[in-house]
């Protein structure tokens, strides 16, 4: 197992999958979306390790995500308003 200090600057995909616990297809998806960077060395693809670390640093922390959500009472209130509008519309059109 590599420590953070001896981990290479450019790493193979299998090494990145082990180090960061990301699937191979996940790495290719992140590459296609531009979330991480890679270079080609002949036929081999090398992932820029710092770009993967930067990707994880940009992700919201679990506590931050929970704070940004609206309270469920707002969602319930909004759904009730939509229901009443729809119900009034149906009543108005059936008479």
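How much length is gained on full extension from residue 57 to residue 25, taking 0.36 nm per residue of separation minus their Cα-Cα distance?
Here the segment from residue 57 to residue 25 would lengthen by 9.5 nm.
Where does each of 7, 20 land when they are ranked from fewest to most other beta-carbon atoms within 10 angstrom?
Fewest-to-most ranking of 7, 20: 7, 20.
Is the shape of the stretch 1-59 rounded, prolate or oblate, going by the alpha carbon gyration tensor and its root eigenvalues a ≥ b ≥ c, with a/c under 1.5 for rounded and a/b larger than b/c for prolate?
Taking the square roots of the gyration eigenvalues as a ≥ b ≥ c, the stretch 1-59 is rounded.
Got a sec? How would 43, 19 order by Cβ neighbour count within 10 Å, fewest to most?
In increasing order of surrounding Cβ atoms, one gets 43, 19.
Read the figures in this text as sums done on the coordinates, not as results from a lab. These figures come from a predicted structure and were not determined experimentally. Please note: Cβ atoms are built from the backbone with ideal geometry, for glycine as well, and neighbour counts cover all protein chains shown.
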